[in-house]
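Comments concern the structure below.
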Amino acid sequence: MAYSCCPERHARTFATFNPEEVERATDEVDVLIVGAGPAGLSAAIRLKQLSPDSRVVILEKGAEVGAHILSGAVIEPRALDELIPDWRTSEDWSECRDGMQEVAKSDMLWLTKPDGVWAKGPMRGEIPLPHPPQMSNKGNYIVSLSAFTRHLATIAESLEVEIYPGFAGSQLLFSNEAQPRVIGVRTNDIGLSNKYTPKDNFEPGMDFHARLTLLAEGAHGSLTKGLIPYYRLREKSGKQSQTYGMGIKGRYQPGKVVHTLGHPLNAQTYGGGWVYHMANGMVSLGLVVGCDWKNPYLSPYREFQGMLHILFLSTKAERLQYGGRVLTEGGITSLPDPLHFPGGAIIGCAGGFMNVPKIKGTHGAMKSGMLAAEAAAEALKGDKDASLENYTDSFKKSWLYDELFGVRNIRRSFNTSLGVYGGMAWSGLDTVFQARPIDYPAFEPPLSTDLMTSVALTGTNHEEESIVHLKSTRRNHVKVNTEEFAGLLGRACPAGVYEYVDADATGGDGTEYGGKKLVINSQNCIHCKLCDVKVPTQDITWCVPEGGGGPKYSLT
């Protein structure tokens, strides 16, 4: 039995193509991991350390490991020290260490408008703030998480972990039992046209059967999204729904290292920025906007562009790369509980192990993967129907649990009058009738540019005429989102995927309303998944495209 993360798509294929009638290759593995990020790779490495004879396979939807990895990133090395104790001295890590910049100083600034009368700092527009102890970066390292992940992959492969880039897990496979357990994953079919007919290059996806399956898809993973309610992993323990932020990042040369609050975000919007001075004179610069922003006219991309002009960057700074991704902000109150399910477990940002006050998730993702691997190594010694119940128990006894429990209320406090911003972020969205359009200033190239110039730097590519991987019930969507929310996605999407345009005077395709229709430019999609999280009508489903499609990050 196969469960699709995108039921509408597979239901529509039955008219011309029935995926259940296709002969598929099948492979048997001990542990299958979906996602070659820090969590998935750490799980694989730890498992092979403990159980060298186990067959471990990782499926990665990116064209290569690291291609879909985006983060700040400042890594707290605690989990890495546990996973590979000699990484600081090992010759195998010399090249990776060259790209890791140890943090020497960490500042916190409140930013005002460049001409703000409250700016009293050494440079107009900045006010130094006390550095919160939770955000201490002593002993941490600034890295390209994409490059760091690629190096972890080489370590995993040296232990005979099998990594398959370009293989996107599109469906969970279940046993035919009264209480089904996950028995593996099906990769998506390649070579289906946008009319759901096989093309000349058609290849059916493979079925990977596994004794244990670990979901390490990152924030708002498409398989995890369906599995959590299927097994009621939050409902059973009364956990809250996950909350999200939207991070937009550029990489420049040169710049300054700071964390920021305040401008360009207004007092009603949760978020903040960073500037991380990296090795080799490069700078990672980005802005996180809480996904509970209330003004539908807000554009995270335009807010980010405004930030560039008050962060002391030279106008001669060369922008090297651009990207965007949602991140989890719910913390321990939104973690699935239990973390395991029949036949597997959820690890990394797919579950939501990010420490929001620290603005760090990599060490938590790695530790969760290691804990799951330790439970898996023990479970594989037993009978065929292995269980990862020990993973949930060991997490609750770990330093990671203690760390997340200690900061469990900080993000939520920003939604009340007790927050630093005076209750800056309200849950949900106000409608267009309660919000005002934002008059963003004109772009000033080369420092700030139009959206499509930035999207070009992501290297994004999708197979032409393939199935659109973004699904929406369009007519109701257009009605609600244009009448009540001012076409929010047209501004929110950091890749220009969604446009609400005038419908053709001669008629449309049945998806228009009030003279408007929704156009989905899926070829622009950088896999940030903001649409799936933010759309007020909750009627867009992000599905995995053909394996290998999407951005080609390398410096992020």
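The values are calculated or read from the model by the stated rules, or taken from the named source; none is laboratory data. Note that this is a predicted model, so its numbers are computed, not measured. Counting neighbours? That spans all protein chains shown, and the Cβs are built from the backbone with ideal geometry, glycine included. Protein only, heavy atoms only, side chains kept; ligands, DNA and RNA dropped before computing areas. Shrake-Rupley method; radii C 1.70, N 1.55, O 1.52, S 1.80 Å.
Here are the numbers:
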item: Burial ranking of peptide ranges 142-151, 276-285, 459-468 (average Cβ count within 10 Å, highest at the top); result: 142-151, 276-285, 459-468
item: FRET efficiency, residue 197 to residue 519 (Cβ-Cβ, R0 22 Å, nearest 0.05); result: 0.45
item: Distance in nm between pseudo-label sites at residue 456 and residue 134 (7 Å out along the Cβ direction from Cα); result: 4.1 nm
item: Sequence ranges 385-398, 52-65, ranked by mean other-Cβ count within 10 angstrom, highest first; result: 52-65, 385-398
item: Accessible carbon and sulfur surface of the chain relative to its total accessible area, %, 1.4 Å; result: 51 percent
item: Computed E for residue 160/residue 483 - FRET, C-beta separation, R0 45 angstrom, nearest 0.05; result: 0.20
item: Sites residue 104 and residue 18, calculated FRET efficiency, Cβ-Cβ separation with R0 56 Å, nearest 0.05; result: 0.40
item: Long pairs among 358/471; 360/384; 397/552; 239/534; 396/552; 138/294, criterion Cα-Cα beyond 31 Å; result: 358/471; 360/384; 397/552; 396/552; 138/294
item: Distance-filtered residues of region 64-78 - backbone nitrogen under 18 Å, label point 7 angstrom along residue 407 Cα→Cβ; result: 71-78
item: Surface per residue (accessible, 1.4 Å probe) for the chain, Å²; result: 41 Å²
item: Extension reserve of the residue 28-residue 320 stretch, reckoned as 0.36 nm per residue once the Cα distance is removed; result: 101.0 nm
item: Karplus 3J(HN,Hα) series, Hz, for region 58-70 with 6.51 cos²θ - 1.76 cosθ + 1.60 (x for Gly, Pro); result: 10, 9, 10, 6, x, 4, 8, 4, x, 5, 10, 9, 9
item: Mean ellipticity per residue at 222 nm, deg cm²/dmol - from DSSP H runs of n ≥ 4 across the chain, formula -39500 (n - 2.57); result: -6500 deg cm²/dmol
item: Theoretical gain in end-to-end length, residue 381 to residue 95 [0.36 nm per residue, Cα-Cα removed]; result: 99.3 nm
item: Relative contact order, percent, the chain [alpha-carbon distance under 8 Å, six or more residues apart]; result: 20 percent
item: Largest-first ordering by accessible area, 1.4 Å probe, given options 91, 28, 23, 162; result: 23, 91, 28, 162
item: Cβ charges +1 (Lys, Arg) and -1 (Asp, Glu), total dipole of the chain, debye; result: 1840 debye
item: Segment residue 398-residue 499, length gained on full extension (0.36 nm per residue, minus Cα span); result: 31.8 nm
item: Integer Hz, Karplus 6.51/-1.76/1.60 couplings in order for region 455-470, x for Gly and Pro; result: 4, 4, 6, 7, x, 5, 8, 10, 4, 5, 6, 8, 4, 5, 8, 10
